[in-house]
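*Asks:* Below are the structure tokens for one structure; questions will follow.
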Amino acid sequence: MALISRQTLKSSIALLMAASCLAVQSLGQPRTVSLEEAIQAAVKQNAGLKSVTSDIQVQEQMKRTSVDLPKTQAMLMYGQYNSLNNDNNITITQGLPFPTVFTSQSKLHELRIENSHFRKATTLNELVFQVKQVGQMLYYLSAREALLKKQDSLFADLVRITTVQLATGEGTLLQKTSAETRYNEVQNQYRQNTADQLTYRAQLKVLINAADEVSLAPAKFLPLTTTLMNDSTEVAANPQLAYQRSLLKIAQQEKRVESNRALPDLTVGYFNQTLMGFQQQLDGTDRYFSSKDRFSGFMVGVALPLWFIPAHARVKAAAARAESTQWLTQYVEQQLVGEWKKAVQQFQKHRNSLDYYTRSALPNAELLLRQSTVAYRAGDISQAEYRLNVQQAISIQEAYIQTVLQYNQSIITLEFLSGQYAKN
């Protein structure tokens, strides 16, 4: 058996340790997905959406209960009810609600199935809206992280310069302390930004019902585009409004069901029995009938409610519920129109602000930052003026990415109100 050299053993151990480190590192890294992939994962895996989808199956099964007959009664009567002989009587009866009850209940279950589909569309619309909101926040935080890294580099360089200046007697301790204070503030903001990223990643994980940690793939944080117009009729396609209108139809149909249930019930029956003994026949002669001879017939009856108050109360309650739902439907529609107008105003405000930053403020901030850096290193401006210019330029860049976030969120809100996300 060949012996393994010490050098080969060390190399093998080193490779094994390296592979183990890479495996541990890969396990600690979140899985990256695009925003579209996150949306599709949420549509397939979100627990809330699955629950609403299952409710559709519940309502479809409940439709099969539309024709729900009372239990059939079967009775046996045995004894001397006709003569000294022991006769037997078999009677079968079946109660029947008034026929219109079945049709009204069938219509009610159809409306409930339709309502469950609207509920699913509403849940889907809200789910995609939430994923897009979280996605935009993660894109914004990533852009802010890059901006903070830029600040970190600038102020780290400023700390280095002021430290050298203090050592050579060209600067003061106040200048060095001021630069370090600003640098530490950037570091604190960076830590807060990282914590916010972890928070929104956790929210994304819940929305897509992922088993492992997830993160959005890097992407440029750019303004979105939309084809929506300033027309409040767009909310007519919102599934929440369709869902609420469906609830109104259900409430109105429930009133019809209660009204039909207050109608008389019907009873049908069949009997078969023996009448042992001599019986006179139609021709006037007597004949002896044994246990093998049986007599049969049918019964028809009507069950009338003598106490109307409970049935009348149920009808009145259903009518009041329908009226309440009608007012709520009207309120929901007005609320959606109001939210649409508010979202349009926000969109226009952020669009104007975005135009300002894109055309003027952002290019000027880049120029101010670049020229200030050159002038400070050349000794043409003081540290205080340089720091003030840097802070002004950075503030403009931060305001720009905040405006992009607000602009994109306003578009997402408009698309949500118009029900576009229910079509996924």
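*Asks:* Of all residues in the range 209-225, which are hydroxyl-bearing (Ser, Thr, Tyr) and surrounded by 15 or more Cβ atoms within 10 Å (Cβ to Cβ)?
*Replies:* Here is the first cut: in the range 209-225, the ones hydroxyl-bearing (Ser, Thr, Tyr) are 215, 225.
The answer is 215, and nothing else.
*Asks:* To continue, here is another question. Here is a check on your reading of the model: is residue 49 touching a strand residue (DSSP E or B) at 6+ places or on another chain (Cβ under 7 Å) and either at pLDDT below 90 or of a type outside the set (Asp, Glu) (or both)? Can you show your working first?
*Replies:* Numbers: touching a strand residue (DSSP E or B) at 6+ places or on another chain (Cβ under 7 Å): no; either at pLDDT below 90 or of a type outside the set (Asp, Glu) (or both): yes.
Taking the combined requirement at face value, the residue does not satisfy it.
*Asks:* Please list, ordered by first then second residue, the pairs with beta carbon atoms under 6 Å, 6 or more apart or interchain, first in the range 180-196 and touching a residue at least 24 places away in the same chain (Cβ under 8 Å), second part of a helix (DSSP H, G or I) and charged (D, E, K, R).
*Replies:* 186/152; 193/144; 193/145
*Asks:* As an exercise: evaluate residue 270 against (1) modelled with pLDDT of 95 or more; (2) in a helix (DSSP H, G or I); (3) surrounded by 13 or more Cβ atoms within 10 Å (Cβ to Cβ) and give the number of the one condition it does not meet.
*Replies:* The failed condition is (2).
*Asks:* It is to be established whether one or more residues within the range 218-235 are among the charged types (D, E, K, R), part of a helix (DSSP H, G or I) and in contact with a helix residue (DSSP H, G or I) (Cβ under 7 Å, 6 or more places away or on another chain). Explain how you work it out, then say what you get.
*Replies:* Step one: filter the range 218-235 for residues among the charged types (D, E, K, R), giving 220, 231, 234.
If we keep only those that are part of a helix (DSSP H, G or I) too, we end up with 234.
Remaining after also requiring in contact with a helix residue (DSSP H, G or I) (Cβ under 7 Å, 6 or more places away or on another chain): 234.
For the range 218-235, residues among the charged types (D, E, K, R), part of a helix (DSSP H, G or I) and in contact with a helix residue (DSSP H, G or I) (Cβ under 7 Å, 6 or more places away or on another chain): present.
*Asks:* Just for strands (runs of 3 or more DSSP E) wholly inside the range 28-120: which have at least 2 residues that are under 30 Å from residue 221 (Cα atoms)? Explain how you work it out, then say what you get.
*Replies:* On the way: elements: 31-33, 73-79, 87-96.
It comes to 31-33.
*Asks:* Before we move on, is residue 315 more than 30 Å from residue 90 (Cβ to Cβ) and either out of contact with any Pro (no Cβ under 7 Å at 6 or more places or on another chain) or part of a loop (DSSP other than H, G, I, E, B) (or both)?
*Replies:* Yes.
*Asks:* Next up: Among the residues of the range 253-278, which ones are of a type in the set (A, V, I, L, M, F, W, C) and closer than 21 Å to residue 96 by Cβ? Write out each step before concluding.
*Replies:* Step one: list which residues in the range 253-278 are of a type in the set (A, V, I, L, M, F, W, C), which gives 257, 262-263, 266, 268, 271, 275-276, 278.
Matches in the range 253-278: 257, 262, 263, 266, 268, 271.
*Asks:* Moving on to the next point. Filter the range 203-217 for residues that are part of a helix (DSSP H, G or I) and more than 30 Å from residue 113 (Cα to Cα) and give the result. Working first, answer last.
*Replies:* Initial filter on the range 203-217 (part of a helix (DSSP H, G or I)): 203-208.
Listed by number, the residues that qualify are 203, 204, 205.
*Asks:* Which one is modelled with the highest pLDDT among residues in the range 372-424 that are of a type in the set (Ser, Thr, Tyr) and either within 30 Å of residue 172 (Cα to Cα) or surrounded by fewer than 20 Cβ atoms within 10 Å (Cβ to Cβ) (or both)? If you could, list the steps in order and put the result at the bottom.
*Replies:* Taking the range 372-424 first, the residues of a type in the set (Ser, Thr, Tyr) are 372-373, 376, 382, 386, 395, 400, 403, 407, 410, 413, 418, 421.
Going one step further and asking which of them are either within 30 Å of residue 172 (Cα to Cα) or surrounded by fewer than 20 Cβ atoms within 10 Å (Cβ to Cβ) (or both), we end up with 372-373, 376, 382, 386, 395.
Numbers: 372: 86, 373: 83, 376: 79, 382: 81, 386: 80, 395: 89.
Selected residue: 395.
The values are calculated or read from the model by the stated rules, or taken from the named source; none is laboratory data. Since this is a predicted model, take the numbers as computed values, not measurements. Heads up, the Cβs are rebuilt from the backbone with ideal geometry, glycines too, and the neighbour counts pull from every protein chain shown.
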